[in-house]
Structure formats: structure tokens, C-alpha cells
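Novice: One structure is given below, represented as C-alpha cells, and several questions about it will come after.
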Amino acid sequence: MSPPPPHSADATTTAASIDGGGVGDWTPDSWRSKPIRQNPEYADAAALRRATAELSRLPPIVHPQEIERLKRSLRDVARGEAFLLQGGDCAELFDYCRAGAIESKVKLLLQMSLVLVWGADKRVVRIGRIAGQYAKPRSSPTEIVDGGREVPSFRGDILNGFEVEDRELDPQRLVKAYNHSAATLNYVRAAIAAGIADLHRPLNWSLGHVKDPALKTKYTEAVRFLQDMLRFMHTIGADQSPKLDTVDLYTSHEGLLLEYEQSLTRPTESPAAGPPAPPQADARAGDGSADGAGAGKPMQYYDTSAHFLWIGDRTRQIDGAHVEFFRGVANPIGIKVGPTTPASDLLALLRKLNPGREVGKVTLITRYGASRVRELLPGHIRAVEGSEHAGTVVWQCDPMHGNTRTAVVSGSDIKTRRFGDIFAELRETLRVHSDEGTYLGGVHLELTGDDVTECTGGSQGLDDADLSTNYTSFCDPRLNEKQAIELAFLVADHYRQ
Ligand code: PEP
Ligand code: MN
């Protein structure tokens, strides 16, 4: 075996702490001394050690230079110069690692972003909830299944299996998650390089499902405009520009399972000191770095499991393990913000996660529920924008998680969401930001390119009785392709008014 390359220290051991950018005595495992929620209790500690040791030897899934590139794009979003579209499954399954499912998701995100580019007249930054969205927080560690038996809850493919007999936690799933993430991202990259998202190819804009004549006219006009624009760009050769012919799609997942995140976190020379520093690199790109190499080179830790990680609504305690872990990594970080987030917590979180006040480092993903946005969002905006963190965050709306409801269909409970509620939260969020003089930089959606029936409403007119037709989510209900495109049209429409 060849010796490890410089700076690829095994992140499962206690690496040199970094100090100098305000992260204090952080180490890749300092989270272990903090109170932790949603933590798995593995029965076989030796098997867990073997799995994390294996992960620590494997190469990064994403490259720190790519993470830095995304950070620069998110800085543009924070400044109101670009728009962020983030979407994918609630719970990604290993089984979704198939060509068709991956292609349809990539195409859907591209198509939505074309609509948004046209509507908002801004560049769109795309991030998938893909290639690693395998860990799920649960409200209860157990559930009652058919026959009245109490079994451990399904916690996502990285922890246990959905089948009732697979509910035991299995550390080897950590390695399987790495392999499925790598295979998924490999195919995303291959498909994009092969031109699946090529603008020269006709996209499927069929609007046969739109029942409302007024909406149909509106969408038809928008589609005609987009097609004319694409044709025109092709005619003048503008679609040959490197900017358009490569499609950036970054990856993200909830940073829930810290054993996994720590194993893929690697100290790397700060790009500010390394090769090729892009001309527009933030002068503060070296903030938070430390002299970890002993050779005078600034070092930063990157969580290389994904480009973007977010901290969920259930694990964002200021003194908890998740915030501790993510305050030490250089990746851009999201925080879910909801009705249970006091405004004062928000500021404490920003001070911890972004002490250097890098613009675009933190994305606040707000999810209140359509009926509560007006009451809660202004206070959160004022707390941040009235502080020293003014202008540093990306405000993103997750109109999904505050709008989940239970429908009873043929005697059984089905988790669903109304398209109308999802759009209402988004519209109200846009309005609040415009009233407050701030910029809504993006949306965070649960969606799939498949023809599922998990959310009701939208122009197909799905109702509760349709839910059982093709409900395949193992967690939260997702927008299907048509509902997702329609939401993009409605957002575009807001900007064009
Ligand atoms: C999710 O994004 O799937 C999720 C669990 O969200 P939240 O943490 O906002 O509840
Ligand atoms: Mn979800």
C-alpha cells in the first residue's frame, strides 16, 4: 500500500485542532463530547470502527475545489445576483441509484432552472438532494407495524432497511451509502458530460395535463418564449458558450449521521494558498483556516461527502453535537429554521457556524407552514439583518416541511401536502422578503422526476383519492415532475409581474 498523501490524515483520529479563524478548539471529533439528538446506538462497536476506518481510507466523494466553487456561487446568491434551486427526494434509497431515476431528476432540475432563469432574470445555482440523502431524523425511535408489533423506525438506508426484518442498525450500511453516493454522482457527472441536459435537445414541455384554461394559456406562452429563446441562442451560437454547455449540479444532504460525516472530513490546504486561486476568490477565503500542516500552509477541513450539508430542524441545538461538528468544516452549511426557532437562537447559530461572516456560507432554510410565515418570518429576518450578520446569509424557502398533513384514504393514514399550501408558503415568503427589503435567494423542494401521486393539487387536479395511485415515497410526499415545473412557473410569474 502506498503511503497516504500529505494532509490526508485519518479524520477519525483526533487531528490537530484548528484555531485562528474563530473556530477555537474544534477537532473532527469534538462533537462527541456534546449532547446529541437522533444518534444511532450501534450494538457492534467493532463493526462500526471497521466501517468508519474503511470510509476514512476512501477518496473524497466531492472535491474541495468544487465546494469552493459552490461557495462563490452562494455568495452571489446572498448578494441577490443569483437564485438557488435545491431539490430531490426526502429519503433517497439505495434502490434509486439507477440510470433512469437519476436522469429524470437531473433533467427536471435543469428544466425548472430554465424557467427560473427566464422568470427571475438571474443565473440559477442548482443543488440536488441526491447522492447521499440517506439518513432520516425520526419523531419516534419505534413504530407499530401490522399485527401491532413494535419495531425500530426506518431511519434511512444508511442506518437500517425499510423492510421490517431489516430494522436492526448495520454499520456496513455506512460503506454501502458511500458506494451508492459515489455511483450516483458518477452517473450524474457522466450523464451531464454526455449531454443529457444539453440545451440543444428538445425538452418535454407537454402541457396536456393542465386543466385550467387560463393557466394553460399562461404556461403555453412561457414555454413558447423559452423555446424561442433556446432556438435563438442556438442560431447565434450562444449555446456553445462554456457557461451554458456545462451544467453544474452540486450535491447535498442532511448532515445527520456524524460518524459518516466525520469519516469523510479531510484537512486540505486552503484554496487561498493552493492552486489555482480563481480571480474572484473572496479575500476572506482563508478565514477559519489554520496552520495545520506545520509548513505555514493554511489548512481547512472539508466534509467531502457532499458539496452542501444542512442541519435539520431536530438537530440544530446551539450547544449540540451537530452544530459543533459543522462549525469546523469549510463547506457551505444550511440550517432549517421553523416555528420552534427563537430569533435569538438564529444569531447564536450564525455566530458559531460563521464567525468569519463569510457571505453565502450559511443558508437559512425557512419552513414555517403557509399559515405562519407572516407571523414568524419578519422577526427572523430582522434578527439577522439587524445584526453584524446582515447581508451574509442566503434566505431560502422550504415550503414543504411546514405543510405536511395526514389524509385518510380507505381507512389508512397517508402523509401528504397540498400544492396550494406549498405555493402559498412560497408566495407569502416572497412577499415578506419584499416587504422587509431582503432577497429570497432560493427554494428547497422535495421532488422527483417520476410520475408519483404523493402531493395533492396542481394542474393535474390530484385529490386525496388519487394518492394511492402511485405513492412510492418512504418518507415525505414529493412533488411530481408536473407539479415541480408548475411551481417553477409560478415563481417565475411572481418575478415577471
Ligand atoms: C427534510 O428536509 O427532509 C427534513 C426532515 O426537514 P426538517 O429538518 O426541516 O424537518
Ligand atoms: Mn422531508
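The values are calculated or read from the model by the stated rules, or taken from the named source; none is laboratory data. Since the model is a prediction, treat every value here as computed from it, not as a measurement. A quick note on method: Cβ atoms are made from the backbone with ideal geometry, for glycine too, and the neighbour counts reach across all protein chains shown. The accessibility values were calculated without ligands, DNA or RNA, using every heavy atom of the protein model including side chains. Shrake-Rupley method; radii C 1.70, N 1.55, O 1.52, S 1.80 Å.
Novice: Only one of (1) part of a loop (DSSP other than H, G, I, E, B); (2) without any contact (Cβ under 8 Å) to a residue 40 or more places away in the chain; (3) within 16 Å of ligand 1 (Cβ to nearest atom) is not met by Thr453, so which one is it?
Specialist: (3)
Novice: Are any residues in the stretch 40-64 part of a loop (DSSP other than H, G, I, E, B) and among the hydroxyl-bearing types (Ser, Thr, Tyr), and if so, which ones?
Specialist: The answer is Tyr42, and nothing else.
Novice: Give all pairs with beta carbons closer than 7 Å in which a residue from the stretch 385-412 that is closer than 24 Å to Arg129 by Cα meets a residue that is open to solvent by less than 50 Å² (accessible area, probe 1.4 Å) and among the aromatic types (Phe, Trp, Tyr); count only pairs at least 6 apart in sequence or on separate chains.
Specialist: Close Cβ pairs satisfying both conditions: Gly402/Tyr368.
Novice: Could you go through the stretch 466-484 and let me know if any residue there is farther than 22 Å from Ile102 by Cα and outside any loop (DSSP other than H, G, I, E, B).
Specialist: Yes, there is a match, as at least one residue in the stretch 466-484 is farther than 22 Å from Ile102 by Cα and outside any loop (DSSP other than H, G, I, E, B).
Novice: Scan the stretch 475-495 and report the pairs whose first residue is over 17 Å from Val452 (Cβ atoms) and whose second residue is within 16 Å of ligand 1 (Cβ to nearest atom), with Cβ atoms within less than 9 Å and a gap of 6+ or a chain change.
Specialist: Hits for this filter: Ala488/Leu85; Ala488/Val443; Leu490/Leu426; Val491/Leu426; Val491/Val443; His494/Leu426.
Novice: Also, quick follow-up: Of the conditions (1) of a type in the set (Phe, Trp, Tyr); (2) touching an Asp or Glu at 6+ places or on another chain (Cβ under 9 Å); (3) within 20 Å of Leu84 (Cα to Cα), Trp395 satisfies every one except a single condition; which number is it?
Specialist: The number of the failed condition is (2).
Novice: Take residues that are open to solvent by less than 30 Å² (accessible area, probe 1.4 Å) and within 16 Å of ligand 2 (Cβ to nearest atom) and tell me which of the strands (runs of 3 or more DSSP E) falling wholly in the stretch 369-446 contain 1 or more.
Specialist: Here the list reads 394-397, 412-417, 440-446.
Quick grid of which residues meet (1) touching a strand residue (DSSP E or B) at 6+ places or on another chain (Cβ under 9 Å); (2) within 16 Å of ligand 2 (Cβ to nearest atom); (3) modelled with pLDDT under 70; (4) at positive phi:
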site: Leu226; (1), (2), (3), (4): no, no, no, no
site: His234; (1), (2), (3), (4): no, no, no, no
site: Gly255; (1), (2), (3), (4): yes, yes, no, no
site: Glu261; (1), (2), (3), (4): yes, no, no, no
site: Ala277; (1), (2), (3), (4): no, no, yes, no
site: Asp287; (1), (2), (3), (4): no, no, yes, no
site: Gly294; (1), (2), (3), (4): no, no, yes, yes
site: Ser305; (1), (2), (3), (4): yes, no, no, no
site: Arg316; (1), (2), (3), (4): yes, yes, no, no
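Novice: Every residue in the stretch 346-368 that is over 21 Å from Gly402 (Cα atoms) and open to solvent by 20 Å² or more (accessible area, probe 1.4 Å), please.
Specialist: Leu347, Ala348, Arg351, Lys352, Pro355, Gly356, Arg357, Glu358, Val359
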